[in-house]
Amino acid sequence: MKILKSIVIISSSFFSLSCHAKSVDWNDYQQSATQIKEPVLFLDQFGRFSQLNKNLKLSLVDYGDKNKKYSGGDYILKSYGVEVLNNQKNYILYQGTVPLKSTVDLKILYQDKKIVAFRIREFSELDYVKRPYKKFISNFFIYNKLSNLVIEAPVVNSSSTNLESDYGSILAGDNFSYIKEEKKYLYNANIRESNRKINDYKLILDSDLKCLTFTLGCENINYRNFLEK
């Protein structure tokens with residue numbers, strides 16, 4: 001088993017993926033060669049993708065803006081996603097939207113011959129509503145490289161009362177591991193609540209990635225297969 005950890009952070013006063021091309025050049029040989037020598041790198045050091053091995057590359061991608069309307073006027077959402085190049089086939093593992101004033105980061109928690117586990121956090125300001133506030137969302141993902149299955153688990157979805165106040169809860173730290181003796185995967189997240197207490201959230205899966213127990217309920221785990229992009 002091999003554990004790799006990497007982080008990509010995209011942030012600015014306005015959401016920007018300026019370091020990340022909308023069309024990923026998976027065949028950047030100079031970048032690939034560098035990452036083969038040192039695979040645990042910040043994605044935004046190169047701005048295109050993170051190479052986990054010679055057949056697997058992961059990227060955070062900008063899909064452009066989405067113009068929206070509501071009774072109070074217009075606003076813009078930023079569309080982004082996570083793509084993987086697996087054995088020369090390109091798949092979209094996740095796609096979402098955030099307000100323009102947002103910071104998104106992706107952290108690779110674990111990799112072995114079968115899976116890659118990663119987590120996404122979104123820090124957003126909703127300043128286009130009558131009572132502006134902040135929002136924090138974190139989701140955890142497992143990608144099965146062999147079956148092309150993606151597992152998504154919610155971790156935190158929290159808001160503040162206004163732009164100056166704290167989030168109701170926030171992810172303070174997390175990790176993922178394989179318990180060899182029990183043949184189980186364990187995701188552990190420390191959630192800091194509004195009362196400053198730290199609660200421990202756990203997701204346990206068997207070796208076939210079936211949910212055995214989850215603090216937020218196994219019924220909230222989403223399993224889906226992806227077709228080639």
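Can you name every residue in the stretch 203-220 that is of a type outside the set (S, T, N, Q) and either at pLDDT below 95 or over 18 Å from N157 (Cβ atoms) (or both)?
Selection gives I204, L205, D206, D208, L209, K210, C211, L212.
Going by the conditions given, is E83 at pLDDT 90 or above, in contact with a strand residue (DSSP E or B) (Cβ under 6 Å, 6 or more places away or on another chain) and acidic (D, E)?
Here the answer is no, as E83 does not meet what is asked.
Which of the numbered conditions does D166 fail, given that it passes all the others? Conditions: (1) touching a strand residue (DSSP E or B) at 6+ places or on another chain (Cβ under 8 Å); (2) in contact (Cβ under 8 Å) with a residue 12 or more places away in the chain.
Only one criterion is unmet by D166, namely (1).
Taking the condition of being touching a residue at least 12 places away in the same chain (Cβ under 8 Å) and basic (K, R), how many residues in the stretch 181-199 meet it?
Residues flagged as touching a residue at least 12 places away in the same chain (Cβ under 8 Å) and basic (K, R) within the stretch 181-199 amount to 3.
Is one or more of the residues making up the stretch 152-162 in a strand (DSSP E or B), of a type in the set (A, V, I, L, M, F, W, C) and free of Cβ contacts under 8 Å to residues at least 40 places away in the same chain?
yes
Quick test of your reading of the structure: Y178 fulfils all but one of (1) under 20 Å from the mean Cα position of the chain (by Cα); (2) closer than 24 Å to V82 by Cα; (3) free of Cβ contacts under 8 Å to residues at least 40 places away in the same chain. Name the failing condition by number.
(3)
Within the stretch 200-229, can you find the residues that are over 21 Å from the mean Cα position of the chain (by Cα) and either touching a residue at least 24 places away in the same chain (Cβ under 8 Å) or surrounded by 14 or more Cβ atoms within 10 Å (Cβ to Cβ) (or both)?
Correct list: S207, L212.
Restricting the stretch 161-176 to residues that are under 17 Å from N139 (Cα atoms) and among the hydroxyl-bearing types (S, T, Y), which is modelled with the highest pLDDT?
So the residue we want is S169.
Would you please name the residue that is surrounded by the most Cβ atoms within 10 Å (Cβ to Cβ), looking only at residues in the stretch 106-140 that are of a type in the set (F, W, Y) and closer than 13 Å to A189 by Cα? If you could, list the steps in order and put the result at the bottom.
Taking the stretch 106-140 and keeping what is of a type in the set (F, W, Y), we get 110, 118, 123, 128, 133, 136, 140.
Applying the additional criterion that residues be closer than 13 Å to A189 by Cα yields 118, 140.
Working: F118: 25, F140: 23.
Among those residues, the one meeting the criterion is F118.
Given (1) at pLDDT 75 or above; (2) exposed (fewer than 14 other Cβ atoms within 10 Å of the Cβ), where does K2 come up short, assuming only one miss?
Looking at each condition in turn, K2 falls short on (1).
Check whether at least one residue in the stretch 30-51 is in a strand (DSSP E or B), at pLDDT below 85 and over 18 Å from S138 (Cα atoms), and report yes or no.
Looking through the stretch 30-51, at least one residue is in a strand (DSSP E or B), at pLDDT below 85 and over 18 Å from S138 (Cα atoms).
The values are calculated or read from the model by the stated rules, or taken from the named source; none is laboratory data. Keep in mind that this is a model prediction, so the values were computed, not measured. Don't worry about glycine lacking a Cβ; one is built from the backbone with ideal geometry, like all the others, and counts go over all protein chains shown.
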